[in-house]
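Asks: Below are the structure tokens for one structure; questions will follow.
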């Protein structure tokens, strides 16, 4: 009933075409397809591919990839709810996701190594065949509801829930959509080709069928932060450079202080050592209103020059703002400007590794662009450091007049997997 | 009340920072900003940019760009309704859109040449500053409702409505969302960087404030057709190569037959000579169902091999299908397969220039991927050639079990503008 593809091809060849003939002229892709171990990056000879698509980042390591990895250009982010009560099924899912993530980030097909089935669905959905890895990273996290939901210890994990992993509070002016918030699991797929990122999320969703259901998803483009000093600072949809003072991969001491969870942070959650927390906020921008605002007002709200990104106190993009410098009416960088309120000196020294993306989800019912910034930050202490900072911004930042937070989530990001282990193994061990 | 930016900078410099000091260290972008004639492609020295972003296509010409232009990787498509009754205001809009489109596709800021205002909103929204043109093309079209709506000759254009420009009919199994269909005007922005395409639509929408309102919009990625023999055939979200037999820029005779409107086609609409028609169909795919279908079934539905794209009758991707070749149960390429029903030999020789994109718009309420193919085709005769073909597919194509058409639109695409004219000038002249 389930002959191998080879047998069947022989059958098909009864029509007068040999399998070798079918495959002979199309080169490497066909050979890879026949052997069932196709890599993507094999068949785009004459294509005018962007050079960034050739990038390949290691999946295994002390930390998960996709955090200090130089921010790729495209995002597909998905939140899932676990639909099974079985701890074993959850562990099996994480094992399967780890294997698939390792394969896809290496440019291999999901299920590589198995013969291509013919009377069964293919293991890989196929739309990335022939595409490069495009710097794909896949980063997986655990939400608070995985540890306890409605008072129920669903998977025997309650005792291991980290102190810092609690649902984010309601911030002033939040207008959250439940259907765009939270979730038992999250997956961040980043790549320089959106088809590669979408392929990754789709295949993980497919593997999870019967165990998880996608709760919501967000696509993003035009990364709004740099995570490496080798990257130029990108612009958000307000037209301003964003993330000038972001933490960078080249700052290991700050990363240890502000990104990576340390052994001593939380004895009950030592499984998270070497991991982090992912904060996500879907921030809608009132684009049309902003676009009718004067350049003076825009720069006053941000506290920076729009063209070059320098603080209004002068210098260049990377000059430290001089918050004391006087202008005609008070400080030249206003008290309620974004750059002042978000700056470490006004937040007990807090720095963040931000890794957000611009988004545009079409138009709303009134014909306005449904667009904004999908904020992602990796932080060591979400409750004690991120929450106070966002509370200040939500309450006092003059820019909030043009923003609306419409989605929210917090997940613990376990450390990286080594060969033979699965993501999150330290939690279940 | 509205001092030039220069004056104000002098004011700001009272804080101790000279304007030259502000700008001195940041190089070309700053200089461009100061002179008000910034190009985008000037300030990304150390960035790891994809090579395709350096592409720049001429805006002016016999035909509009974005039709036979080699299909770029990303799409932002928007449909607008005209909210004014004034023909003059409509003409002014088209003039302003033409100028802005010419500027943006040349890598210039909208409003380039004017001094940067400081107490007024900037002409350009800014998020493309520092980005390359990325092969941006902007293609503008006129819907049937622009010529007559609810029996009203809104702009004195009724007599010039082309015979072929009528709302597409209801096809079998259509499940159209009004909010994703039709519109007085359409704009197709294509680029190899989504931020550049989004910037283009946003700035046109901004220019149109008070004259047009965005009716709906669609983002796309991973072009699903090649329009040049220099491009490899991409894959759709079913994992199959799509557009193998698409019309190509290198086939001028077929383009004259099937894409470009000819002088003699419609005497009342000679203004459209050298133009075309754009058919758009938002085709949702039942991804989860498809992904649980055997490879055999998938290939039988499509009529092609999934890995290499060859017809089931054998050969390579570009081999002509042999529809007569017998298999074990009837023709090896089934009677209701997509490749058979869509093939020119079964449609009076009709060929199309397709230029569609994959889309993923997050997840629906049931946790399924809201994804599919945003079909775009440029055709010379939509009613007499496209409509019969789509009727056949909608009625008989076995693939329809996995598809749902959720949006639809038809627009006349006027010929290209020459220097000093505006898009659509032949219609209003």
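Asks: Relative to the compact globular guide of 2.2 N^0.38 Å, what is the alpha carbon radius of gyration of the range B:59-187, as a ratio?
Replies: On the way: Rg = 17.5 Å, N = 129, 2.2 N^0.38 = 13.9 Å.
Rg over 2.2 N^0.38 Å, computed on Cα atoms: 1.26.
Asks: What's the average, rounded to a whole number, of partner chain beta-carbon atoms within 10 Å of each residue's beta-carbon in A:242-255? Could you put the intermediate results ahead of the total?
Replies: Working: counts 1, 0, 0, 0, 0, 0, 0, 0, 0, 0, 0, 0, 0, 0.
Mean shielding by partner chains, rounded to a whole number: 0.
Asks: Shifting gears a bit: Give me the distance in nm between label points sitting 7 Å out from Cα along the Cα-to-Cβ direction at residue A:326 and residue A:179, one decimal.
Replies: With each label point 7 Å from Cα toward Cβ, the separation is 5.5 nm.
Asks: Describe numerically, in nm with one decimal, the distance between label points set 7 Å from Cα along Cα→Cβ at residue A:86 and at residue B:96.
Replies: So the label points at residue A:86 and residue B:96 sit 6.2 nm apart.
Asks: Moving on. Go ahead and set up a Gaussian network model of chain A, Cα springs under 10 Å, then flag whichever of A:150, A:193, A:361 fluctuates most.
Replies: A:150
Asks: Next question. Anyone know which of A:318, A:221, A:155 comes out most mobile in the 10 Å Cα GNM of chain A?
Replies: Result for chain A, Cα springs under 10 Å: A:318 fluctuates most.
Asks: Under the definition of Cα pairs under 8 Å and six or more residues apart, what whole-number percent is the relative contact order of the range A:314-428?
Replies: Values: 93 pairs, mean separation 21.3, N = 115.
RCO, the range A:314-428: 19 percent.
Asks: Which number comes out as Rg/Rh for the range B:188-293 once both Rg and the Kirkwood Rh are worked out on C-alpha atoms? Walk me through the intermediate numbers first.
Replies: On the way: Rg = 17.8 Å, Rh = 17.3 Å.
Rounded to two decimals, Rg over Rh is 1.03.
Asks: What does the copy distance list look like for residue A:256, label position 7 Å along Cα→Cβ, in nm and ordered from shortest?
Replies: In nanometres, ordered from closest: 7.3.
Asks: Label 7 Å along Cα→Cβ of residue B:401; the range B:302-325 residues with amide nitrogen under 13 Å?
Replies: B:302
Asks: Summarise the partner chain shielding of B:366-379 as one whole number: the mean count of Cβ atoms from other chains within 10 Å of each residue's Cβ.
Replies: Details: counts 2, 11, 3, 8, 1, 3, 0, 0, 0, 0, 0, 0, 0, 0.
Mean partner-chain Cβ count within 10 Å for B:366-379: 2.
Asks: List A:97, A:290 from most exposed to least, where exposure is judged by having the fewest other Cβ atoms within 10 Å. Each step should come with its number before you reach the end.
Replies: Values: A:97 23, A:290 20.
Ranking A:97, A:290 by Cβ neighbours within 10 Å, fewest first, gives A:290, A:97.
Asks: Return a whole-number percent for the relative contact order of chain B, with Cα pairs under 8 Å and 6 or more residues apart as the contact set. Provide the component values of the computation, followed by the final result.
Replies: On the way: 924 pairs, mean separation 97.1, N = 429.
Computed over chain B, the figure is 23 percent.
Asks: If a/c stays under 1.5 just call it rounded; otherwise compare a/b with b/c (prolate if a/b is bigger, oblate if not). Do that for the range B:295-339, with a ≥ b ≥ c from the square roots of the Cα gyration tensor eigenvalues. Numbers along the way, then the final one.
Replies: Values: a/c = 1.76, a/b = 1.16, b/c = 1.51.
The shape class here is oblate.
Asks: Give the span of chain B's Cα atoms along each principal axis, as three whole-Å numbers ordered largest to smallest.
Replies: 87, 52, 45
Asks: Take the alpha-carbon positions of the range A:105-243, form their convex hull, and give its projected area averaged over all directions (one quarter of the hull surface) in nm².
Replies: Working: hull surface 50.6 nm².
If I average the Cα hull's projected area over directions, I get 12.6 nm².
Asks: Using a Förster distance of 22 Å, how high is the FRET efficiency between residue A:262 and residue A:60, based on the Cβ-Cβ distance and rounded to 0.05? Please list the in-between numbers first.
Replies: On the way: r = 21 Å, r/R0 = 0.97.
Efficiency at R0 = 22 Å is approximately 0.55.
Asks: Given a Förster radius of 25 Å and the C-beta distance between residue A:163 and residue A:392 as r, what FRET efficiency does 1/(1 + (r/R0)^6) yield to the nearest 0.05?
Replies: Numbers: r = 22 Å, r/R0 = 0.88.
Efficiency at R0 = 25 Å is approximately 0.70.
Asks: Can you tell me which of B:119, B:397, B:184 moves the most in a GNM of chain B? Springs connect C-alpha atoms under 10 Å apart.
Replies: Result for chain B, Cα springs under 10 Å: B:119 fluctuates most.
Asks: Estimate the FRET efficiency between residue B:418 and residue A:366 by the formula 1/(1 + (r/R0)^6), using the beta-carbon distance for r and 41 Å for R0, to the nearest 0.05. Can you show the working numbers first?
Replies: On the way: r = 37 Å, r/R0 = 0.90.
So the FRET efficiency works out to roughly 0.65.
Asks: Ranked by Cβ crowding within 10 angstrom, fewest neighbours first, how are A:400, A:214 ordered?
Replies: Numbers: A:400 20, A:214 25.
Fewest-to-most ranking of A:400, A:214: A:400, A:214.
Asks: Normalising by the residue count of the range B:171-299, find the relative contact order in percent from Cα pairs under 8 Å and 6+ residues apart.
Replies: Numbers: 87 pairs, mean separation 15.7, N = 129.
Relative contact order comes out at 12 percent.
Asks: Specify whether the C-alpha gyration tensor of the range B:366-429 places it in the rounded, prolate or oblate class, a ≥ b ≥ c being the square roots of the eigenvalues: rounded for a/c under 1.5, otherwise prolate if a/b is larger than b/c and oblate if not. Display every interim value, and only then the final one.
Replies: Values: a/c = 4.18, a/b = 1.95, b/c = 2.14.
Oblate shape, in that a/c is at least 1.5 and b/c is the bigger or equal ratio.
Asks: Mind sorting A:421, B:224, B:69 by how few other Cβ atoms lie within 10 Å of their own Cβ, fewest first? Working shown, then result.
Replies: Working: A:421 15, B:224 28, B:69 21.
Going from sparsest to densest Cβ surroundings: A:421, B:69, B:224.
Asks: What number, rounded to the nearest 500 deg cm²/dmol, is the helix-based mean residue ellipticity at 222 nm of chain B, given -39500 (n - 2.57) per DSSP H run of at least four residues and division by all its residues? Could the numbers behind the result be given before it?
Replies: Values: 12 runs with 98 residues, N = 429.
Helices in chain B give a 222 nm mean residue ellipticity of -6000 deg cm²/dmol.
Asks: Let me ask something else about it. May I ask for the percentage of alpha-carbon pairs in the range B:324-403 that lie more than 20 Å from each other? Write down the numbers at each step before the final one.
Replies: Working: 1483 of 3160 pairs.
So the portion of pairs separated by more than 20 Å is 47 percent.
Asks: Something else now. What does the C-alpha gyration tensor say about the overall shape of the range B:264-311? Classify as rounded when a/c is under 1.5, otherwise prolate if a/b is larger than b/c, or oblate. Don't jump to the answer; show the numbers that get you there.
Replies: Details: a/c = 5.22, a/b = 2.66, b/c = 1.97.
Prolate, because a/c is 1.5 or more and a/b exceeds b/c.
Asks: Mind checking the mean number of beta-carbon atoms from other chains within 10 Å of the Cβ atoms in B:295-301? Please list the in-between numbers first.
Replies: Working: counts 10, 9, 3, 3, 2, 0, 0.
If you average over the peptide's residues, the count of other-chain Cβ atoms is 4.
Asks: Report the Rg/Rh value for the protein assembly as shown, based on alpha-carbon coordinates and the Kirkwood definition of Rh.
Replies: Reported Rg/Rh (Cα atoms, Kirkwood Rh): 0.97.
Taken together, the values in this text are just the output of simple stated rules run on the coordinates, not laboratory data. This is a predicted model, so every value here is computed, not measured. Quick reminder, even Gly has a Cβ in these numbers, built from the backbone with ideal geometry, and neighbours come from all protein chains shown.
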